[in-house]
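S.K.: Quick one: structure below, then a few questions.
Each reported figure results from applying straightforward, stated rules to the coordinates on display, with no laboratory input. Since the model is a prediction, treat every value here as computed from it, not as a measurement. Reconstructed Cβ throughout: ideal geometry from the backbone, glycine too, with neighbour counts over all protein chains shown.
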Amino acid sequence: MTTSDLFIDGRFVPAATGRTFTTIDPSTGDPIADVAHAGPHDVAAAVSAARAALDGPWSRMPAAERGRLITRLADLVEANADELAELESLDGGKPIRNTRAMDVPAAAAQFRYFGGWPTKIEGETIPVAVPDTLCYTRKEPVGVCAQIIPWNFPLLMAAWKLGPALAAGCTVVVKPAEQTPLTTLRLAGLIAEAGFPAGTVNMLTGDGGTGAALADHPGVDKIAFTGSTAVGREIGAKAGARLTRVTLELGGKSPNIILPDADLDAAIAGSYQGVYFNSGQACNAASRLYAHRSVFDQVIEGLLVRIKEARVGQALDPSTELGPLVSAGQYQRVRGYIRDGIAEGARLRAGEVPGEPDGGFFVQPTLFTDVAPDMRIHREEIFGPVLVATPFDTVDEVVRQANGSEYGLAAGVWTRNLGDAHTLAARLSAGSIYLNTWAPGDPAAPFGGIRASGIGREMGRAGLDAYLEPKTVWTNLTSR
Ligand code: ADP
């Protein structure tokens, strides 16, 4: 087993206490590596390094040079794509075909997109009514940012957060999830290789305690968090108390609606991918399916055919479509929901109650019908390969059901009728609407949720703005 250190002020160092934790391969349950466990002392050192870089070389660097470094990081991610994909699959149980085709190229694309931004961040001149006055705005970096990353897309979520922060001229302390620290640490190596000034990016591996210490640190100007709604509420409360800037990307229970005139083959294929991709461990998983009663049975049959053919297996096997869940904890959680659904009277159409894990944390794609709106499996985010499907009769009824959730991350509609599609796009309350598709993404397109799904947006100009503070400058032109 190898040991991986923290990345503070441009150097790899052990935790001040010498503490480590073990990261596990979810495909086998075997340990992969011991990783440094950062505590409050390391948090203080990282925040102080980030502050020094913010006040020093990073803020003095011309925008074009900042963009060049971010672009170089995109190049390095691409040059090391195979290694990053393997590490991501090993550490997080994500199928290698997906990490190769999606996670790593999408992370590089984030850096490439945001590498173009620094030279385009412009203030405005404001036509104020005050005579003989020049009024303009500057867009300044928010400052030192704490970025807390989840385990479901470890490298990609780090890229979503680092790209805009660096483009804006902020400095950063990143805290990856304890289940999946390895690609973040590898990214730290690439950041050093790219030539970012020491302290611009710091990486602290550790658990929720490390994240809490970082969120508590008074030297942090902004917190960006992706993870569970419960922890998001806690971080939001802390940020509120200190008036620290905050963006939160949290859970979801996203409705996916199939109207009777939909292209059913496409709708079934998209609905299947929408919920089972990444074994359902996606915040925008299409986890609540509503199909019109006239096509409901056909949709379920189509899903069952696909489920039967699903290849669940070891993450590093190129034929695997669905890998294991990330951890024993997540496995037990999902198992609990499946048991609960059966106990509450829902009908299990595919899948089974998982037994005690034997090595890897594998859960078969699971499908419930005959689900009542108040059942936990219908209301709560499961974050596993579990779909609940319900028929509907009228559009008003399905809109009410779809919007009747505390979450509001994504919603989808399958139909051939443009009018219905765009009317529903307006009526569904969620941060992203998918029409005849599910969850495409692009670094230029904002992503985020409303209500319990979060605050703020990542990616695109909106994602960049979350790392910028406008400053208004007033000048009396008659002053001598
Ligand atoms: P999950 O329950 O899906 O593991 P979490 O919200 O617990 O999701 O974790 C997401 C990220 O937040 C991880 O990096 C984790 O270490 C971190 N985290 C967990 N608890 C806290 C906390 N109280 N304060 C700050 N960060 C935390």
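S.K.: For the stretch 451-472 and the stretch 392-429, write down the distance between their C-alpha centroids in whole Å.
M.R.: 26
S.K.: What is the P(r) of the stretch 200-336, as percent of Cα-Cα pairs per 5 Å bin from 0?
M.R.: Answer for the stretch 200-336: a P(r) of 2, 8, 14, 15, 14, 12, 12, 9, 7, 5, 2, 0 percent.
S.K.: Right, next: Let's see if you can work this out: charge +1 on each Lys and Arg Cβ, -1 on each Asp and Glu Cβ, no other charges. What is the dipole magnitude of the stretch 57-129 about its Cα centre, in debye to the nearest 20?
M.R.: Values: 9 positive and 11 negative charges, 47 e Å.
Here the stretch 57-129 has a charge dipole of around 220 debye.
S.K.: Among the aspartates and glutamates, which fall within straight-line cross-link reach of Lys94, defined as a Cα-Cα distance under 17 Å, with same-chain neighbours fewer than 8 residues apart omitted?
M.R.: Asp25, Asp30, Asp82, Glu83, Glu86, Asp103, Glu178, Asp317, Glu321
S.K.: Restricting to the chain, what percent of DSSP beta bridges are antiparallel, rounded to 5? Can you show the working numbers first?
M.R.: Numbers: 26 of 66 bridges.
For the chain, the DSSP antiparallel bridge percentage is about 40.
S.K.: Still on this model: Rank-order 421-428, 35-42 by packing density, defined as the average count of other C-beta atoms within 10 Å over each peptide's residues, highest first. Don't skip to the answer; put the middle values down first.
M.R.: Working: 421-428: 16.0, 35-42: 22.4.
My ranking of the peptides, most packed first, is 35-42, 421-428.
S.K.: Considering only Ala315, Leu248, Ser27, whose Cα is most displaced toward the positive end of the charge dipole of the chain, charges sitting on Cβ of Lys, Arg (+1) and Asp, Glu (-1)?
M.R.: Leu248
S.K.: With +1 assigned to the C-beta of every Lys and Arg and -1 to the C-beta of every Asp and Glu, and no other charges, what is the dipole magnitude of the chain about the Cα centre in debye, to the nearest 20? Could you put the intermediate results ahead of the total?
M.R.: Values: 43 positive and 53 negative charges, 250 e Å.
Taking the Cα centre of the chain as origin, the dipole is about 1200 debye.
S.K.: Please list, in order, the residues from the stretch 263-294 whose amide nitrogen is less than 15 Å from a point placed 7 Å along the Cα→Cβ vector of Glu344.
M.R.: It comes to 287-289, nothing else.
S.K.: While we're here: Quick one: dipole size for the stretch 326-474, taken about the Cα centre, charges +1 on Lys/Arg Cβ and -1 on Asp/Glu Cβ, in debye to the nearest 20.
M.R.: Details: 14 positive and 18 negative charges, 49 e Å.
Charge dipole, the stretch 326-474, about its Cα centre: 240 debye, nearest 20.
S.K.: If I take every Cα pair under 8 Å that is 6 or more residues apart in the chain, average their sequence separation and divide by the length, what percent do I get for the relative contact order? All intermediate terms of the calculation are to be shown ahead of the outcome.
M.R.: Numbers: 1115 pairs, mean separation 88.9, N = 480.
Normalised by residue count, the contact order of the chain is 19 percent.
S.K.: Separate question: Rounded to the nearest 10 degrees, what's the angle between the helix 104-115 long axis and the longest principal axis of the chain, both from Cα atoms, 0 to 90?
M.R.: 40
S.K.: Mind checking the full-extension length gain between Ala237 and Asp261? Use 0.36 nm per residue of separation minus the Cα-Cα distance, one decimal, nm.
M.R.: Working: separation 24, 0.36 × 24 = 8.64 nm, distance 4.52 nm.
Once the chain is fully extended between Ala237 and Asp261, it gains 4.1 nm.
S.K.: If R0 is 45 Å, what FRET efficiency do you get for Asp55 and Ser429 from their C-beta distance, rounded to 0.05? Don't jump to the answer; show the numbers that get you there.
M.R.: On the way: r = 42 Å, r/R0 = 0.94.
In this case the efficiency is close to 0.60.
S.K.: Right, here's the next one. Between Ala64 and Arg379, what is 0.36 nm times their sequence separation minus the Cα-Cα distance? Round to one decimal in nm. Show your work: numbers first, answer last.
M.R.: Details: separation 315, 0.36 × 315 = 113.40 nm, distance 4.76 nm.
Fully extending the segment from Ala64 to Arg379 adds 108.6 nm.
S.K.: Next up: May I ask you to compute the full-extension gain from Glu352 to Arg461, defined as 0.36 nm times their residue separation minus their alpha-carbon distance, rounded to one decimal in nm? The partial results should precede the final answer.
M.R.: Values: separation 109, 0.36 × 109 = 39.24 nm, distance 4.39 nm.
Result for the pair: 34.8 nm of gain on full extension.
S.K.: Between Leu418 and Gln332, with labels modelled 7 Å along Cα→Cβ, what's the label distance in nm to one decimal, could you check?
M.R.: The answer from the label model is 5.4 nm.
S.K.: Could you tell me which trypsin sites (Lys or Arg not before Pro) in the stretch 279-312 are loop residues by DSSP with no more than 13 other beta carbons within 10 angstrom of their beta carbon?
M.R.: Details: sites: Arg288, Arg293, Arg306, Lys308, Arg311; in loops: Arg293, Arg311.
Of the trypsin sites (Lys or Arg not before Pro), the ones in loops of the stretch 279-312 whose Cβ has at most 13 other Cβ atoms within 10 Å are Arg293, Arg311.
S.K.: Remind me, what semi-axes does the chain give for its equivalent ellipsoid, largest first in whole Å, using sqrt of 5 times each Cα gyration tensor eigenvalue? Each step should come with its number before you reach the end.
M.R.: Details: eigenvalues 303, 166, 71 Å².
They are 39, 29, 19 Å, listed largest first.
S.K.: Kirkwood Rh over alpha-carbon pairs of the stretch 53-162, then Stokes-Einstein at 25 °C and 0.890 mPa s: what D in µm² s⁻¹, rounded to an integer? List each step's numbers first, then the result.
M.R.: Details: Rh = 16.3 Å.
Here the translational diffusion coefficient equals 150 µm²/s.
S.K.: Per DSSP H run of n ≥ 4, the term is -39500 (n - 2.57); total these for the chain, divide by its residue number, and report the mean residue ellipticity at 222 nm rounded to 500 deg cm²/dmol.
M.R.: Values: 16 runs with 184 residues, N = 480.
Taken over the chain, the calculation gives -12000 deg cm²/dmol.
S.K.: To make sure I understand, if each residue's beta carbon is the centre and we count other beta carbons within 10 Å, what order do Lys471, Lys175 fall in, fewest to most?
M.R.: Values: Lys471 11, Lys175 29.
In order of increasing Cβ crowding within 10 Å: Lys471, Lys175.
S.K.: When Glu321, Glu344 are ordered from fewest to most other Cβ atoms inside 10 Å of their Cβ, what list results? Kindly include the intermediate steps, with their values, before the conclusion.
M.R.: On the way: Glu321 19, Glu344 15.
Sorted ascending by nearby Cβ count, the order is Glu344, Glu321.
S.K.: Give the calculated FRET efficiency between Gln273 and Ala192 to the nearest 0.05, with a Förster radius of 51 Å applied to their Cβ-Cβ distance.
M.R.: On the way: r = 37 Å, r/R0 = 0.72.
With a Förster radius of 51 Å, E is 0.90.
S.K.: In addition: Please report how far the C-alpha centroid of the stretch 296-331 lies from that of the stretch 178-196, rounded to the nearest whole angstrom.
M.R.: About 30 Å separates the Cα centre of the stretch 296-331 from the one of the stretch 178-196.
S.K.: Sticking with this structure for a sec: Give the percent of DSSP beta bridges with both residues in the stretch 1-141 that are antiparallel, rounded to the nearest 5. Present the calculation step by step, with values, prior to reporting the outcome.
M.R.: On the way: 9 of 12 bridges.
Expressed as a percentage, antiparallel bridges in the stretch 1-141 total about 75.
S.K.: Taking Cα atoms, how many degrees apart are the long axis of helix 63-79 and the longest axis of the chain, rounded to 10 and kept between 0 and 90?
M.R.: 40
S.K.: Take the Cβ-Cβ distance between Asp216 and Val13 as r, set R0 to 25 Å, and report the resulting FRET efficiency rounded to the nearest 0.05. Can you show the working numbers first?
M.R.: On the way: r = 22 Å, r/R0 = 0.86.
Rounded to the nearest 0.05, the efficiency is 0.70.
S.K.: Something else: Once label points are set 7 Å from the Cα along Cα→Cβ at both Ala444 and Asp393, what is their separation, rounded to one decimal in nm?
M.R.: That separation, rounded to one decimal, is 4.6 nm.
S.K.: Taking the beta-carbon count within 10 Å as an exposure proxy, list Val371, Val388 from fewest neighbours to most. Could the numbers behind the result be given before it?
M.R.: Values: Val371 20, Val388 25.
So the ranking, lowest neighbour count to highest, is Val371, Val388.
S.K.: Among Val398, Ala410, Phe447, pick out the residue whose Cα is farthest towards the positive end of the charge dipole of the stretch 351-480, where Lys and Arg carry +1 and Asp and Glu carry -1 on C-beta, about the Cα centre.
M.R.: Selected residue: Phe447.
S.K.: A further question follows. For Lys222, go through the lysines and keep the ones whose alpha-carbon is under 28 Å away, minus same-chain ones fewer than eight residues off.
M.R.: Once the sequence-local lysines are set aside, what remains near Lys222 is Lys120, Lys139, Lys161, Lys175, Lys238, Lys253, Lys471.
S.K.: Another question about this same structure. Could you run the Debye sum over the Cα atoms of the stretch 350-463, one equal point scatterer each and no solvent, and tell me log10 of I(q)/I(0) at q = 0.09, 0.12, 0.16, 0.19 Å⁻¹, two decimals?
M.R.: -0.32, -0.56, -0.93, -1.17
S.K.: Are there trypsin sites (Lys or Arg not before Pro) in the stretch 7-60 that DSSP marks as loop and that have at most 12 other Cβ atoms within 10 Å, and which are they?
M.R.: Values: sites: Arg11, Arg19, Arg51, Arg60; in loops: Arg19.
Passing sites in the stretch 7-60 do not exist.
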